[in-house]
Amino acid sequence: MSRPARIAAWSGGLLVLLVAVVVTSAAVGPVRIDPVTVTLAALNTVVVPTGIAVGTATIPLLGWGVPLPTLEYASVFAFDVPETHQVIVGSVRLPRIALAATVGFSLAAAGTVMQGFFRNPLADPSIIGVSTGAAAGAVAAIAFPMLVPFGSLHLSAFVGAVGTAFLVYAIATEGGRTPVATLLLAGVAIQAFLSAMISYMLVHSGDSLRQAVVWMMGHLNNSTWSDVGFALPVTVVGVAVLAAYTRELNVLLLGEEDAHHLGVEVERTKLLLLAVASIVTAAGVAVAGVIGFVGLVVPHMMRLVVGPDHRILLPTSALAGASLLVATDTVARAGPAEVPVGIITAALGAPFFLFLLTRREVHSL
Amino acid sequence: MITVDALEVAYGDVPVLEGVSVSVERGELVGLVGPNGAGKTTLLRVLSGALSPDGGTVLVDGTDVHTLPSKASSRLLSVVPQDTHLSFSFDVRDVVEMGRTPHRSRFSGPTREDREIVDTALERTRTAGFADRSIDDVSGGERQRVLLARAIAQDTPVVLLDEPTASLDVNHQIETLELVSDLVSDGTTAVAAIHDLDLAARYCDRLVVLAGGRIVDSGPPDSVLTTDTVATAFDATAAVTTNPLTGTPTVTTLAAGRDDLEDPPAVHVLGSGPTAAGVLARLEAAGVPTTAGPVPRGSAVSTATAELDLEAIVADPFGPLSAEDLETLEGRVRAADVTVLADLEVSAGNQLVLERVARVTPALVAVESRPFDERNYAGDDAAGSYEGVRKLALEATTGDVLEAVTRAADAADRPASRRLGSDV
């Protein structure tokens, strides 16, 4: 099979799997709904923009109202679904499932890129401190809302994440070169510093301690379509850019000097990969908190199945990551008591990773 | 094609290349030779653009590679690294296909031409047979050929090779260098750091000898590979002779031992082949006054005597020695304290010479590495007389000939003791 056909076959298969997992997940919960009704209710949520209306937005702090163009939407389908079921699927479960898929997609894609970039099987999306940065931003927003100018928890986490990645990159760069080992070490040091800051903030967080700790565990409860609206566009655009650079990523695995001789602008490509992978990670982490192991385990699993070529590894890992997080989040919410999904991914991911390790399936990239 | 002028490179305060100037013509295979740490790899890295020089200029095809974007420079020159960090399991074909990277745009897949070029590269390097195997699962030698295939797929006018034969067995060394020569005869310009001097001499159009970051000598292998150059560059004692099969220079390095003997005995050497050349070089290196002969004209030994600048009697191979030469020989053997027979070939023409030598020499040492049968062209009769002479001699190897010569000379000062130990 030629490579494009292989990529299409694997991606198509995993996409079908994702749809199946989504439908199953939407059917599972305190109220069981049959899959057909779920599918119809899900289709009912599909909307298309039909026109532009002028609304009014209020600028925070100043209280001025300004005109803001907004899109008008119309539903495409109008299947006959019981009202309660439509609300449960369309407004409660689907946003959460869509967010889980988005976050899983972003973390697995970013993890694949980071492992290739660092030529290190232990790399995960947060290796240069993105998650810790997001946590610092989020905890600051939760514990000291007065100090955070932009109000939004998501935005604060996102800015913390991207800011940390930029800081680590700036520290590790000298004379136009960014050695990978220096990046790793700078990342470790910055993470240690930020962890100290987070602990300090937690100590003084008072009543918001519980909220902050739950955020850091990684959670998807109370997700809304606006969360999806925040994370999905960034993730889709970011992963598309990464996908365009998979050939460079392959060549970079040969080492930077070889990559240079094969026509790759090494430093520019490294900066782009690192920046985009960090932004994609930040988008996921900002809405869902620190969800471990998806970005580490999924690329390893897919590498065993499809091989090391990033042209196929990146899309398949991203899709598999989406399915995996939707599935684990279903477990997290369907049990007797709701558990933060980060606990489930780590609790299932770590033993599975150890199993692969002892089987010597995972030993290198 | 490549012009290097007054190149200066230092790692920190340590100068690695000092004032190196080289030029390489289009379609030439130039070998960089020199001891470890001479700066060969550094020079290649500067040529490839991977390392920026501290001073001087490098022009490849008229442009400074250090100012080119890597896409442009990688269309101009390809690099075959000594080894590569292939610690992940790409297929061999994928690795070779990476050579096409500079020629492809971001969003297009490989064209038919790309595929054909990759196939040809796999065929030429005889790696097609395991193209679908993982690069982790092939041997070091095969991996080296895969890297060469990648460079061929890159299809550049200049190829730089860093020790392309270092991890290969004899057979694949030759195969690889034949392939590089083929590329060069197709018009490619190649610069290769090569450890093996014999291979370098055999395949390169020109050699550049580097030592201590400077160019010691450069030119065609015949003129560059001399005992003097090898001694200067490698700080080693070597005999440079002509390989009878390839007709190119071959270097036999001997243990570095320039510790001169105090009051060395004078030695005369008769013999043939690499053994005699080795003995001569060894004695010369230890500062022993040495003469040689008769040596066959045009043989390895006669080249060695010329290289070492020794007084030698040169005669026609297998011909009888002229009366004049015989006279000179007898004089030299008498004048020497010890005579060394080093793989002496016995023919009808020199059988008498051997007996004459045995009669007049004060002491004899025999160094033999080829069996006598292979060196005897004069029949069974000669075997008997050679055996008789050899019994008088102290046996030695090329390695301990110095010691043997000294001992034989000492023993000759006490003739009685020597005769007591002998059957004759």
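Quick note: the coordinates plus some simple rules give every number you see, no bench work behind them. What you see is a predicted model, and the numbers here were worked out from it, not measured in a lab. Reconstructed Cβ throughout: ideal geometry from the backbone, glycine too, with neighbour counts over all protein chains shown.
Within segment A:16-31, name every residue whose backbone N is under 14 Å away from a label modeled 7 Å from Cα of A:Val46 along the Cβ vector.
A:19
Over the Cα atoms, compute the radius of gyration (one decimal) and Dmax (the largest Cα-Cα distance, rounded to a whole number) for segment B:2-220, in Å.
Both quantities, over Cα of segment B:2-220: 17.0, 51 Å.
Mind grabbing the base-10 log of I(q)/I(0) for segment A:79-159 at q = 0.27 Å⁻¹? Debye formula, identical points on the C-alpha positions, no solvent, two decimal places.
For the requested q values the scattering log ratios are -1.11.
For the protein assembly as shown, what percent of Cα pairs sit more than 46 Å apart?
Details: 145157 of 310866 pairs.
In whole percent, the long-distance tail amounts to 47.
Of chain B, which part is the longest with no chymotrypsin sites (Phe, Trp or Tyr not before Pro) in a loop (DSSP not H, G, I, E, B) and with at most 16 other C-beta atoms within 10 angstrom?
With a cap of 16 other Cβ atoms within 10 Å, the longest stretch comes to B:108-317.
Amide H neighbours of B:Val159 under 5 Å, at least 5 residues apart or on other chains, H built in the peptide plane: list them.
B:Ser78, B:Thr189, B:Ala190, B:Val191
Based on the Cβ-Cβ distance of A:Leu15 and B:Thr253, what FRET efficiency does E = 1/(1 + (r/R0)^6) give at R0 = 45 Å, to the nearest 0.05?
After rounding, the FRET efficiency stands at 0.10.
To two decimal places, what compactness ratio does segment A:1-153 give when its Cα radius of gyration is scaled by 2.2 N^0.38 Å? Before the final figure, lay out the partial values.
Values: Rg = 21.1 Å, N = 153, 2.2 N^0.38 = 14.9 Å.
Taking N as the residue count of segment A:1-153, the ratio is 1.42.
Please give the FRET efficiency for B:Glu324 paired with B:Asp5, using the beta carbon to beta carbon distance and R0 = 51 Å, rounded to the nearest 0.05.
0.40
Enumerate the lysines that B:Lys71 could reach by cross-link, defined here as Cα to Cα under 27 Å, with residues fewer than 8 away along the same chain left out.
A:Lys270, B:Lys40
Over the alpha-carbon set of chain A, divide Rg by the Kirkwood Rh and report the Rg/Rh ratio to two decimals.
Using Cα coordinates only, the ratio equals 0.98.
Mind checking the full-extension length gain between A:Leu304 and A:Glu338? Use 0.36 nm per residue of separation minus the Cα-Cα distance, one decimal, nm.
9.0 nm
For the protein assembly as shown, what is the calculated [θ] at 222 nm in deg cm²/dmol (nearest 500), taking -39500 (n - 2.57) for each run of four or more DSSP H residues and dividing by its residue count? Walk me through the numbers before you get to the answer.
Working: 32 runs with 410 residues, N = 789.
After summing the helix terms and dividing by the residues of the protein assembly as shown, the value is -16500 deg cm²/dmol.
Taking a quarter of the surface of the convex hull around the Cα atoms of segment B:290-339, what do you get in nm²?
Numbers: hull surface 13.6 nm².
If I average the Cα hull's projected area over directions, I get 3.4 nm².
Please work out, to two decimal places, the log10 of the ratio I(q)/I(0) at q = 0.10, 0.13, 0.20 Å⁻¹ from a Debye calculation in which every Cα of segment A:264-365 carries one identical scatterer.
-0.34, -0.56, -1.15
What residues qualify as long-range amide H neighbours of B:Leu51, i.e. H under 5 Å apart, gap of 5 or more or another chain, H built at 1.01 Å from N?
Here B:Val46 satisfy the definition.
In whole Hz, what ³J(HN,Hα) sequence does segment B:140-155 give by Karplus (6.51, -1.76, 1.60; θ = phi - 60°), x for Gly and Pro?
Result, rounded to whole Hz: x, x, 5, 4, 4, 5, 5, 5, 5, 4, 4, 5, 5, 5, 5, 6.
Separation between the A:Ser199 and A:Met146 pseudo-spin-labels, each 7 Å from Cα along Cα→Cβ, expressed in nm?
So the label points at A:Ser199 and A:Met146 sit 2.7 nm apart.
Relative to the present Cα-Cα distance, how much length would full extension add between A:Ser226 and A:Asn120 at 0.36 nm per residue of separation? Present the calculation step by step, with values, prior to reporting the outcome.
Working: separation 106, 0.36 × 106 = 38.16 nm, distance 3.55 nm.
This chain segment gains 34.6 nm when fully extended.
Around B:Leu344, which amide H atoms from residues at least 5 apart in sequence, or from another chain, sit under 5 Å from its own amide H, with H modelled in the peptide plane?
Result for B:Leu344 returns B:Ser272.
Testing the spin-label approximation: label points 7 Å from Cα along Cα→Cβ at A:Leu348 and B:Phe372. State their distance in nm.
Taking the two extended label points, one gets 8.7 nm.
What dipole magnitude, in Debye to the nearest 20, does chain B give about its Cα centre under +1 on Lys/Arg Cβ and -1 on Asp/Glu Cβ?
Here chain B has a charge dipole of around 640 debye.
For B:Val14, project a label point 7 Å along Cα to C-beta. Then give me every residue of segment B:27-69 with its amide nitrogen under 11 Å of that point.
Under cut-off, by backbone N: B:37-38.
Throw me the Rg/Rh for segment B:252-420, computed over C-alpha atoms with Kirkwood Rh, two decimals. Before the final figure, lay out the partial values.
On the way: Rg = 14.7 Å, Rh = 15.7 Å.
Ratio of gyration radius to Kirkwood radius: 0.93.
For a quick size check, give me the Cα extents of segment B:45-109 along its three principal axes, largest first, whole Å.
Rounded to whole Å, the extents work out to 41, 28, 15 Å.
Using a Förster radius of 56 Å, what is the FRET efficiency between B:Thr120 and B:Asp316 based on their Cβ-Cβ separation? Nearest 0.05, please.
0.60
Please give the helix B:112-124 orientation as an angle from the longest Cα principal axis of chain B, in degrees from 0 to 90, rounded to the nearest 10.
Once rounded, one gets 10 degrees.
Within segment B:105-182, list the trypsin sites (Lys or Arg not before Pro) lying in a DSSP loop whose Cβ has at most 13 other Cβ atoms in a 10 Å radius.
Qualifying residues, ordered by number: B:Arg106.
Using θ = phi - 60° and the Karplus form 6.51 cos²θ - 1.76 cosθ + 1.60, what ³J(HN,Hα) does each residue of segment B:392-398 get, whole Hz, x for Gly and Pro?
With the stated coefficients, segment B:392-398 comes to 6, 8, 7, 7, 8, 10, 4 Hz.
Modelled label-to-label distance, B:Arg104 and B:Asp400, 7 Å Cα→beta-carbon offset: nm?
About 6.3 nm, to one decimal.
Bin all alpha-carbon pair distances of segment B:1-48 at 5 Å intervals from 0 and give each bin's fraction as a whole percent.
Going out from 0 Å in 5 Å bins, segment B:1-48 shows 5, 18, 30, 28, 12, 5, 2, 0 percent.
Which distance in Å, rounded to a whole number, links the C-alpha centroids of segment B:314-384 and segment B:144-189?
What the calculation gives is 47 Å, centre to centre.
In chain A, which longest range has no chymotrypsin sites (Phe, Trp or Tyr not before Pro) that are both DSSP loop (not H, G, I, E or B) and surrounded by at most 15 other Cβ atoms within 10 Å?
A:151-365
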